[in-house]
Amino acid sequence: MFVAKNFQIIEEHKLDLIDLAKTIWHNPEESLKEYIAADACADLLDQYGFEVTRNYGGLETGLRAEYGSGKPVIGLIAEFDALPGLSQRAVPYRDPIKDQEYGHGCGHCLMCPSSIGAILAIREAMQNEKLEGTIVFIATPAEEVTAGKGIMASNGAFEDLDLALCWHPGKYNRSSYSRLVGANTKEYIFHGKSAHAGCDPHLGRSALDAVELMNVAANYLREHVPMDSRIHYCITHGGDAPNVVPDYASVKYTFRALNIETMDDIELRLDKIAEGACLMSGTTFETKNYGGCYPVINNHVVADVVDQSMREVKLEEWSDSDIEYAGKLNETIYDQWLDAVELSGNPEGTQLHVGIMPIDEENDYGSSDLGDISHMFPVCFYKGAGFPIGASYHSWQVTATVGMDIGFKSMMNGARFTAQTALHFFRDNELVKKAQKEFEESTKGLKYTPRLPD
């Protein structure tokens, strides 16, 4: 008779892990400034007897903790930055927190607690079974600006890892073969000549005209790039008064694709568009590169083990109050909710996903800087049900959910998924070799160079 694995040690430390998640949720921090989160994670790891390296990988809020020695070296990758504009109380209706801009609309407040729960269980099993190898927890800042892992990689933060696991909260419990698009962000800053817009407009050269001309041309460009490409922008400065011809204006672009070559081609073409906008408007331009990330290559061998592990562990059960709460949130996104229920194959009226979805094989047009390390060694990026089934990433509905019981149950499931997966690799080194062989084949001819900001 099959008995689902529970990992009692994770259960025993449940309240500590929830307290950590609450601390991070109540103190949402922008990318590269996750000081409260980093300190709280480091303090808990210290309390659990791990030796913690702070300021890891060249970033103030980077962390590393480990147990064991020798090979294989398996990394647990976690994140903790929040998003602007998504402040929200843990209630099922829109209610931003006064004077708080940021909120955990992607659920990153759950990732470090989940991975810390996992490393506790892995350490205990390694001790009991005398397993060889090293388990490493790494907290990576600034995922939301797709920059942290690339910076850390350039400083050697991951060079000793043989493979890595990254659990992320989501709508479904699901492992993944998906390839995620890479992303790069670049700002185009135009300089013109100011003048009185009424009396002397002929003397002015409008930097805003250049921005608008660039945006028009970029929208035409969309027709002439591969189908997997995405180009989006926002005007970051458009002048200060309508009666002044603006001598300064800027626009920030993010462009994405499933391979680096396409991303590089889009960037080159955007640069040419900026040059053309300057010729038409009599202005000049400069650029600021914010860096970016590589496409995520999920390793199928690792993904298969994740899927197996998900089906082997005990899952938290949703309470009636959890389902009622999620239902109220799904009502705020009714059409999205209906689509998500149909897509997932759940019964009509489902508010929170139950069970394990088949491995995802569709390309994903979101991005993660996990893509950088997926070009260094085998990686799997897998999700755990913790959002109302209709909710989108980067939404207030997610912020409202990950700071209460639904999110905490997802976090506990994630700890079990990750612990069980890592232990399969520690118990069977042939699995590690199979994953590495696939990695070598899937990255043959690819060269990794971090896409760092200026």
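Some notes on this structure:
- Condition met for S319 (of a type in the set (G, A, S), surrounded by fewer than 17 Cβ atoms within 10 Å (Cβ to Cβ) and over 30 Å from S194 (Cα atoms)): yes
- Options H424, H394: the member that is touching a strand residue (DSSP E or B) at 6+ places or on another chain (Cβ under 8 Å) and surrounded by fewer than 24 Cβ atoms within 10 Å (Cβ to Cβ): H394
- Only one entry in S115, S154 is among the hydroxyl-bearing types (S, T, Y), in contact with a Pro (Cβ under 6 Å, 6 or more places away or on another chain) and assigned by TED's automatic domain parsing to the domain that holds E324, namely S154.
- The set of residues in the range 93-139 that are among the aliphatic types (A, V, I, L, M) and either in contact with a strand residue (DSSP E or B) (Cβ under 7 Å, 6 or more places away or on another chain) or modelled with pLDDT under 95 (or both) comprises L110, M111, I116, A118, I119, I122, M126, I135, V136, I138, A139.
- Restricting the first member to the range 140-157 and to residues that are touching a residue at least 12 places away in the same chain (Cβ under 8 Å), and the second to residues that are of a type in the set (V, I, T), the beta-carbon pairs closer than 7 Å and six or more apart or on different chains are T140/I77; P141/T61; G148/T140; K149/T140; K149/I373; M152/T140; A153/I373; A157/I138.
- Checked against the criteria, D81 counts as touching a residue at least 60 places away in the same chain (Cβ under 8 Å), acidic (D, E) and in the same structural domain as W167 (by TED's automatic domain parsing).
- Meets criteria (farther than 30 Å from S175 by Cα, of a type outside the set (F, W, Y) and in contact (Cβ under 8 Å) with a residue 60 or more places away in the chain) for S309: no
- In summary, G445 fulfils each of the numbered conditions (1) touching a Gly at 6+ places or on another chain (Cβ under 8 Å); (2) at positive phi; (3) not charged (D, E, K, R) with the single exception of condition (1).
- Taking the conditions (1) in contact with a Lys or Arg (Cβ under 9 Å, 6 or more places away or on another chain); (2) over 14 Å from T284 (Cβ atoms) in turn, A241 satisfies each one other than (1).
- Of all residues in the range 151-182, those being farther than 20 Å from S442 by Cα and touching a Lys or Arg at 6+ places or on another chain (Cβ under 9 Å) number 9.
- Enumeration of residues in the range 16-33 that are assigned to a loop (DSSP other than H, G, I, E, B) and closer than 15 Å to A142 by Cα: P28, E29, E30, S31, L32, K33
- Members of the range 322-337 found to be of a type outside the set (S, T, N, Q) and surrounded by 14 or more Cβ atoms within 10 Å (Cβ to Cβ), listed by number: D322, I323, Y325, A326, G327, K328, L329, E331, I333, W337
- Whichever residue in the range 267-296 is in contact with a strand residue (DSSP E or B) (Cβ under 7 Å, 6 or more places away or on another chain) and crowded, with 24+ Cβ neighbours inside 10 Å and, among such residues, is nearest to D162 (Cα to Cα): V296
- Residue within the range 229-237 that is under 30 Å from A435 (Cβ atoms) and either at pLDDT 95 or above or surrounded by fewer than 19 Cβ atoms within 10 Å (Cβ to Cβ) (or both) present: yes
- In the range 233-282, residue farthest from the chain's Cα centre (by Cα) [restricted to those that are closer than 14 Å to A210 by Cβ, among the small types (G, A, S) and assigned to a strand (DSSP E or B)]: A249
- Annotation: of all residues in the range 1-15 being in a helix (DSSP H, G or I) and of a type outside the set (D, E, K, R), the one that is farthest from C109 (Cα to Cα) is Q8.
- Consider the range 283-333 and keep the residues that are of a type in the set (G, A, S) and outside any helix (DSSP H, G or I). The one that is nearest to the chain's Cα centre (by Cα) is G292.
The values are calculated or read from the model by the stated rules, or taken from the named source; none is laboratory data. Everything numeric here is computed off the predicted structure, so don't read it as measured data. Cβ: placed from backbone, ideal geometry, glycine included. Neighbour counts: every protein chain shown.
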